[in-house]
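Asks: Encoded as structure tokens, here's the structure I'll be asking about.
The values are calculated or read from the model by the stated rules, or taken from the named source; none is laboratory data. The shown structure was predicted, so the numbers you read here are calculated from the model rather than taken from an experiment. Note: ideal-geometry Cβ built from the backbone for every residue, glycine included; neighbour counts use all protein chains shown. Accessible surface is based on the protein model in full, side chains and every heavy atom, while ligands, DNA and RNA are left aside. Shrake-Rupley method; radii C 1.70, N 1.55, O 1.52, S 1.80 Å.
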Amino acid sequence: HSDRPRQITMPTYKGNRGNLLQHWVLSELVACISRESRHSERLGFVDTHAMSPYAVREPGRAAADFDLVAARLPGAGSVYELAWNDLRRGRCEYPSSAALVRHLWRGPLHLLLCERDQATADEVDSWYGGVADAQLELHRDDWRTRFESVLPQGYSQYLVSCDPYMFIRQNPTDQANPGNM
């Protein structure tokens, strides 16, 4: 037993080039699929490492490229920049993949979001709320355990986002961080 108060950690994001690249490409993919499909088509989006839409940047992290893009929003008016600009007007400092997809997709949507960190999963759950033609399945554990059973069926398009903390090629069992792959 300790007299010190329990420290609550806020979900964070890196605010780096990886965030820019991942979400810029994702936004363009969703826009492309949306243009090519009828709006009645159903999209299934799976995120193996869901990020909180309310995450804050890791303290002390310098991210010149990221900050430059953020300061210029809506920038050149890309799908990504416009969506990020729209989404940051609320409580969202930087949008998660799910927030971007939910914002950009106009038809029926199923979000299968996997997150083992409970604080992050709680924030994802509170963010979701009800949205017409959208459904959330939040898996509060390692994505691998969710993939042991059948994934959502009946969608005309599927997007899968797999953004682990890092990929380990050699001796992966030596890595204690479950966010690694």
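Asks: Select from the range 53-73 the residues that are more than 14 Å from residue 17 (Cα to Cα) and more than 19 Å from the chain's Cα centre (by Cα) and write down the one among them that is surrounded by the most Cβ atoms within 10 Å (Cβ to Cβ).
Replies: Applying the filter and picking the extreme gives 73.
Asks: Which condition breaks for residue 76 when tested against (1) loosely packed, with under 15 Cβ neighbours inside 10 Å; (2) hydrophobic (A, V, I, L, M, F, W, C); (3) part of a helix (DSSP H, G or I)?
Replies: Every listed condition holds for residue 76 apart from (3).
Asks: If I filter the range 103-136 down to residues being in a loop (DSSP other than H, G, I, E, B) and more than 18 Å from residue 55 (Cα to Cα), which single residue comes out as modelled with the highest pLDDT?
Replies: Across the range 103-136, the extreme among qualifying residues is 105.
Asks: OK, next. If you check every pair at least six apart or on different chains, which have Cβ atoms under 8 Å apart with a residue in the range 113-137 that is closer than 15 Å to residue 12 by Cα and of a type in the set (Lys, Arg) first and a residue that is open to solvent by 40 Å² or more (accessible area, probe 1.4 Å) and modelled with pLDDT of 90 or more second?
Replies: As it stands, the answer is 116/140; 116/141, since those pairs meet every condition given.
Asks: Can I ask one more? Output the residues belonging to the range 36-52 that are part of a loop (DSSP other than H, G, I, E, B) and crowded, with 19+ Cβ neighbours inside 10 Å.
Replies: 48, 49, 50, 51, 52
Asks: Now for a separate question. Working only within the range 86-103, note down all residues that are open to solvent by less than 30 Å² (accessible area, probe 1.4 Å) and either over 13 Å from the mean Cα position of the chain (by Cα) or not hydrophobic (A, V, I, L, M, F, W, C) (or both).
Replies: Selection gives 94, 95, 96, 97.
Asks: Considering only the range 124-140, I want to know if a residue exists there that is open to solvent by 20 Å² or more (accessible area, probe 1.4 Å), under 24 Å from residue 24 (Cβ atoms) and over 14 Å from the mean Cα position of the chain (by Cα).
Replies: Looking through the range 124-140, at least one residue is open to solvent by 20 Å² or more (accessible area, probe 1.4 Å), under 24 Å from residue 24 (Cβ atoms) and over 14 Å from the mean Cα position of the chain (by Cα).
Asks: For the subset of the range 45-77 comprising residues that are in contact with a helix residue (DSSP H, G or I) (Cβ under 6 Å, 6 or more places away or on another chain) and free of Cβ contacts under 8 Å to residues at least 40 places away in the same chain, which member is farthest from residue 138 (Cα to Cα)?
Replies: 75
Asks: Also: For the range 104-123, give me each residue that is in contact with a Lys or Arg (Cβ under 6 Å, 6 or more places away or on another chain), within 13 Å of residue 45 (Cα to Cα) and surrounded by fewer than 21 Cβ atoms within 10 Å (Cβ to Cβ).
Replies: Of everything in the range 104-123, just one residue is in contact with a Lys or Arg (Cβ under 6 Å, 6 or more places away or on another chain), within 13 Å of residue 45 (Cα to Cα) and surrounded by fewer than 21 Cβ atoms within 10 Å (Cβ to Cβ), namely 108.
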